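Visitor: Mind looking over this structure? Questions follow.
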Amino acid sequence: MRSLFWVVLAVSACSPPEVGIDLVTSPALSPLVRESVRFIGDPRLAVHDTGEPLARPRSISITVEERSDCTECYRLERRGSQLVVKGGLPLGVQYGLAHALELHGYRFPHPWKTFVPAAYLPFDDRQLGRDFAPEVDQKRGLHLHTLHPTEALHDFWVPSAKNLEGAKRTIDFVVKNRGNLVSWYALDDVTAGGPTLEAWRAHTSELLAYAKSRGVSTSLTLQLFGKSNLQQAFDLIDDDGAADPLPELERRLHLLFDGLAFDFASLSFGEFFKADPATFVRMVDASHDALQRVRPGIGVTAVVHVGNSETLRVEYQGVRQLYYFLVRHANPAITPWVHTVFYYNLYEDAGGAYLHDDFAEHRAFLEERLRTAQPVGSYPESAYWVGWDVSVPTYLPLYVKSRHLELVRLREAGRLRQFLVFSSGWEWGYWQNDVAALRMAYTLPERWDDALAEQFAPLGAQGRQVSEVIRRLGELEHDALIGRRLGPYLAGRDEILETGKRRGIVSQPGRLSFADVQRLSAEERAAFVRSVVEPFEAFAGALTELEHELPDSAGQPLVAEVVDGVAVTAARARFSSAAYRAAVQHAAGEPFEPSLAAAEAELTAAETIVARRRRALWDPDPNELLRDHQLPTVYDYGYLREADTLCFWRRERAQLRAVVTGETIFIPACVL
């Protein structure tokens, strides 16, 4: 397994085997402590019940003790030569133990990837003698978007022994990074019952039992209306015009919740289609009541999504409002989770995402509920996947900067108590966005990049150099992609997005196509060069400078991943800026061939980067993520397929050549 590779790599130069870390605890805490270190895979870690003789007198000793005044807080202290962890049960003990191991150089960046230090690090005692407690104190976790063909789709929905281990590792990953909640989407392949349902039940039962043993809450997301269901989610109402949809709704809830102890259910309403407002409120309330009958006491949340077409504006109780805000009229026991998309945030420009210039309505709703101490959650993203970021591929620490900005600014309105991050995969460095978001929700750092710098701290000077490049990259991305609205020109667009645009269904912010550029007047073309092409060329140049400042990554997988991420993002910026320069030159009747050649050279360079990363993916079965195969969601391929084939680059090269050379050429759709 890859985690074993990391252990062998990092421990090969360490001290003699008898020198390690002895974790000393009580018989009552011993099972929890043993499970907390199981997936680390480091033979130097040993767990001892109190009273057992320690066979390795030269080892470091960490004592783990329970405190009774809290559940998720902890304290680290010195007691003679021992480091002492005092934590609440069940999570405070585990958070404190993870922190103690981090002080010695361990890091937990990925469910299948543990960084194990070759030699234990000295640490600053100023971290000792203080209490740690969560900034966001009720729910902090990941929504694993199993509607997308990511790692979590396999682990949390497709039954197998390997996938069950992946789910357990993911729960362990959330705990080590200070989370307490895991959420995922239900899919409709179990609706008909039979062997598929029974296999899913058995898989999910084990998964839920493991989460409970670690103190992690679980939530299952359900689509309310079938007509809004575009991705084979499990929906509750296929026909909202039926005379009485409630018996079928309740039958479907029994399929999912009988004998399965989920802590929460989340209702979702799609992105582009609405129901009658009164029907919406009535059915949301009916779903809440049915859930209480099927699984008494289950918590219920509802997603406030972001679609903003005129068709999603509704009149209800004399107020014209966005359809999703109708949840405010439903049962007050239902907690709204306010969603935002991409790397945009609640306080800055939203670039036209889902037709929003900003998310001021969502911010106002969330802040008002914080000011009045009403239940509410923030539900942003750490990746978007579909044609936007990791599938291109690009590497975007900008997500971390935006999530930090929101957590800081929301403090001004009141205490945020629920924070769930919409996660769409971990390869190409996207684990960093989830790790940082989880940790910032527990302990909010002064600067956004502190959460990332901490991950690379065990690498010393090399880690500091990498962290500084990541910080500067995030700032450059913020200024260019949000500040100058250049995000769509770094992203990709597949044929489904273009078809949706023609029908008035918009998710990604728009951009001019190469064909659009040809139709601009001379004055419009000059304005486009000033507002898009030249700033994008400057952005590409700045990324190229950063690329040259990265250290040698030989023998260090964490650094190699950042090197590849920065390199492919710089190549993408150079490719896109050269392609648009060629389109402008062709429209102006100027020589375009050098710019076209420059774009194609960047595609060739990206092929080398992608091939290198393909050999270094963290997942133990990367073919699940790279190739076509049958899945229970609408996508019959892994989420890295387009990244691995550079489909969006090839699509744009074909589109550009068709425009500037007049070739009749196949244009990849980059979908399904």
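The values are calculated or read from the model by the stated rules, or taken from the named source; none is laboratory data. All of these numbers come straight from a predicted model, not from anything done at the bench. All Cβ positions, even for glycine, are placed from backbone atoms using ideal geometry, and neighbour counts span all protein chains on display.
Visitor: Within the group Ala290, Ala302, Ala286, Ala333, which residue is more than 23 Å from Arg409 (Cβ to Cβ) and part of a strand (DSSP E or B)?
Guide: Result: Ala302 is the single residue among Ala290, Ala302, Ala286, Ala333 that is more than 23 Å from Arg409 (Cβ to Cβ) and part of a strand (DSSP E or B).
Visitor: So for the stretch 172-182 (the condition being over 24 Å from the mean Cα position of the chain (by Cα) and of a type outside the set (A, V, I, L, M, F, W, C)), does at least one residue qualify?
Guide: Narrowing the stretch 172-182 to residues over 24 Å from the mean Cα position of the chain (by Cα): none.
No, the stretch 172-182 contains no residue that is over 24 Å from the mean Cα position of the chain (by Cα) and of a type outside the set (A, V, I, L, M, F, W, C).
Visitor: Go through (1) within 29 Å of Ala100 (Cα to Cα); (2) buried (at least 23 other Cβ atoms within 10 Å of the Cβ); (3) touching a residue at least 60 places away in the same chain (Cβ under 8 Å) and name the single condition Arg214 misses.
Guide: Exception for Arg214: condition (2).
Visitor: Select, from Leu410, Leu396, the only residue that is over 30 Å from Thr544 (Cα atoms), crowded, with 19+ Cβ neighbours inside 10 Å and modelled with pLDDT of 95 or more.
Guide: Numbers: Leu396 fails: over 30 Å from Thr544 (Cα atoms).
Among Leu410, Leu396, only Leu410 is over 30 Å from Thr544 (Cα atoms), crowded, with 19+ Cβ neighbours inside 10 Å and modelled with pLDDT of 95 or more.
Visitor: Starting from the stretch 505-525, keep only residues that are closer than 22 Å to Thr661 by Cα, then list their pairs with residues that are modelled with pLDDT under 95 and not basic (Lys, Arg) whose Cβ atoms are within a distance under 9 Å, requiring at least 6 positions of separation or different chains.
Guide: Ser513/Glu498
Visitor: Right, here's the next one. Just name the residue that is modelled with the highest pLDDT out of those in the stretch 21-59 that are over 22 Å from Val175 (Cβ atoms) and surrounded by 13 or more Cβ atoms within 10 Å (Cβ to Cβ).
Guide: Filtering the stretch 21-59 for residues that are over 22 Å from Val175 (Cβ atoms) and surrounded by 13 or more Cβ atoms within 10 Å (Cβ to Cβ), the one modelled with the highest pLDDT comes out as Ser59.
Visitor: Listed residues Ala570, Ala588, Ala583; which is under 24 Å from Glu524 (Cβ atoms), buried (at least 24 other Cβ atoms within 10 Å of the Cβ) and among the aliphatic types (A, V, I, L, M)? Don't jump to the end; show me each part of the working.
Guide: On the way: Ala570 fails: under 24 Å from Glu524 (Cβ atoms); Ala588 fails: buried (at least 24 other Cβ atoms within 10 Å of the Cβ).
None of the other options fit; the residue is Ala583.
Visitor: Of Ser577, Ser595, Ser531, which residue is surrounded by 23 or more Cβ atoms within 10 Å (Cβ to Cβ) and among the hydroxyl-bearing types (Ser, Thr, Tyr)?
Guide: Going through Ser577, Ser595, Ser531 in turn, just one is surrounded by 23 or more Cβ atoms within 10 Å (Cβ to Cβ) and among the hydroxyl-bearing types (Ser, Thr, Tyr): Ser577.
Visitor: Something else: The conditions are (1) crowded, with 17+ Cβ neighbours inside 10 Å; (2) touching a residue at least 60 places away in the same chain (Cβ under 8 Å); (3) over 20 Å from the mean Cα position of the chain (by Cα), and Thr204 fails exactly one of them. Which is it?
Guide: With (1) crowded, with 17+ Cβ neighbours inside 10 Å; (2) touching a residue at least 60 places away in the same chain (Cβ under 8 Å); (3) over 20 Å from the mean Cα position of the chain (by Cα) applied to Thr204, the lone miss is (2).
Visitor: Taking the conditions exactly as written (modelled with pLDDT of 95 or more, out of contact with any helix residue (DSSP H, G or I) (no Cβ under 6 Å at 6 or more places or on another chain), β-branched (Val, Ile, Thr) and closer than 30 Å to Thr114 by Cβ), does Val563 satisfy them or not?
Guide: Details: modelled with pLDDT of 95 or more: yes; out of contact with any helix residue (DSSP H, G or I) (no Cβ under 6 Å at 6 or more places or on another chain): yes; β-branched (Val, Ile, Thr): yes; closer than 30 Å to Thr114 by Cβ: yes.
Answer is yes for this residue.
Visitor: Those residues that are touching a residue at least 40 places away in the same chain (Cβ under 8 Å) and closer than 13 Å to Phe269 by Cα, I need them from the stretch 313-341; list them, please.
Guide: Tyr323, Tyr324, Phe325, Leu326, Val327, Pro336, Trp337, Val338, His339
Visitor: Just to verify a result, which residue in the stretch 273-307, among those that are closer than 23 Å to Phe342 by Cα and buried (at least 21 other Cβ atoms within 10 Å of the Cβ), is modelled with the lowest pLDDT? First the steps, then the outcome.
Guide: At the first step, the residues of the stretch 273-307 found to be closer than 23 Å to Phe342 by Cα are 273-274, 301-307.
When the remaining residues are screened for being buried (at least 21 other Cβ atoms within 10 Å of the Cβ), the result is 274, 301-307.
Values: Lys274: 69, Thr301: 98, Ala302: 97, Val303: 95, Val304: 95, His305: 93, Val306: 91, Gly307: 83.
In this case the residue turns out to be Lys274.
Visitor: Just to be sure I understand, how many residues within the stretch 442-453 are within 18 Å of Phe132 (Cβ to Cβ) and in contact (Cβ under 8 Å) with a residue 40 or more places away in the chain?
Guide: Taking the stretch 442-453 as the starting set, the residues that turn out to be within 18 Å of Phe132 (Cβ to Cβ) are 442-446, 450-451.
Then keep just the ones that are in contact (Cβ under 8 Å) with a residue 40 or more places away in the chain; that gives 442-445, 451.
The total comes to 5.
Visitor: Is there a residue being hydrophobic (A, V, I, L, M, F, W, C), in a helix (DSSP H, G or I) and touching an Asp or Glu at 6+ places or on another chain (Cβ under 9 Å) anywhere in the stretch 92-99? Don't jump to the end; show me each part of the working.
Guide: Residues of the stretch 92-99 hydrophobic (A, V, I, L, M, F, W, C): 93, 97-98.
Narrowing the set further to residues that are in a helix (DSSP H, G or I) leaves 93, 97-98.
This time we only want the ones that are touching an Asp or Glu at 6+ places or on another chain (Cβ under 9 Å), so: 93.
Scanning the stretch 92-99 turns up at least one residue that is hydrophobic (A, V, I, L, M, F, W, C), in a helix (DSSP H, G or I) and touching an Asp or Glu at 6+ places or on another chain (Cβ under 9 Å).
Visitor: Being under 19 Å from the mean Cα position of the chain (by Cα) and in the same structural domain as Phe419 (by TED's automatic domain parsing) narrows it down to one residue among Lys212, Lys168; which is it? Even if it seems obvious, please write down each step before you answer.
Guide: Values: Lys212 fails: under 19 Å from the mean Cα position of the chain (by Cα).
Residue meeting the stated conditions: Lys168.
Visitor: Here's a follow-up. Quick check on my filter: what residues within the stretch 535-554 are of a type in the set (D, E, K, R) and either in a helix (DSSP H, G or I) or touching a His at 6+ places or on another chain (Cβ under 9 Å) (or both)?
Guide: Quick first cut of the stretch 535-554, residues of a type in the set (D, E, K, R) only: 537, 545, 547, 549, 552.
Glu537, Glu545, Glu547 - these are the residues of the stretch 535-554 that are of a type in the set (D, E, K, R) and either in a helix (DSSP H, G or I) or touching a His at 6+ places or on another chain (Cβ under 9 Å) (or both).
Visitor: Only residues that are free of Cβ contacts under 8 Å to residues at least 12 places away in the same chain, within 18 Å of Asp494 (Cβ to Cβ) and in a loop (DSSP other than H, G, I, E, B): list them for the stretch 638-666, please.
Guide: Once the filter is applied, which keeps residues that are free of Cβ contacts under 8 Å to residues at least 12 places away in the same chain, within 18 Å of Asp494 (Cβ to Cβ) and in a loop (DSSP other than H, G, I, E, B), the stretch 638-666 yields only Ile665.
Visitor: Quickly run through the stretch 342-381 and pick out the residues that are aliphatic (A, V, I, L, M), surrounded by fewer than 24 Cβ atoms within 10 Å (Cβ to Cβ), in contact (Cβ under 8 Å) with a residue 24 or more places away in the chain and not in a loop (DSSP other than H, G, I, E, B).
Guide: Within the stretch 342-381, Leu370 is the sole residue that qualifies.
Visitor: Which of the numbered conditions does Tyr635 fail, given that it passes all the others? Conditions: (1) closer than 18 Å to Ser391 by Cβ; (2) in a loop (DSSP other than H, G, I, E, B); (3) without any contact (Cβ under 8 Å) to a residue 12 or more places away in the chain.
Guide: Among (1) closer than 18 Å to Ser391 by Cβ; (2) in a loop (DSSP other than H, G, I, E, B); (3) without any contact (Cβ under 8 Å) to a residue 12 or more places away in the chain, the lone unmet condition for Tyr635 is (3).
Visitor: Continuing with the same structure: When you go through Arg581, Arg572 one by one, which is the residue that is within 18 Å of Val392 (Cα to Cα), among the basic types (Lys, Arg) and either assigned to a helix (DSSP H, G or I) or assigned by TED's automatic domain parsing to the domain that holds Val392 (or both)?
Guide: Numbers: Arg581 fails: within 18 Å of Val392 (Cα to Cα).
On inspection, the qualifying residue turns out to be Arg572.
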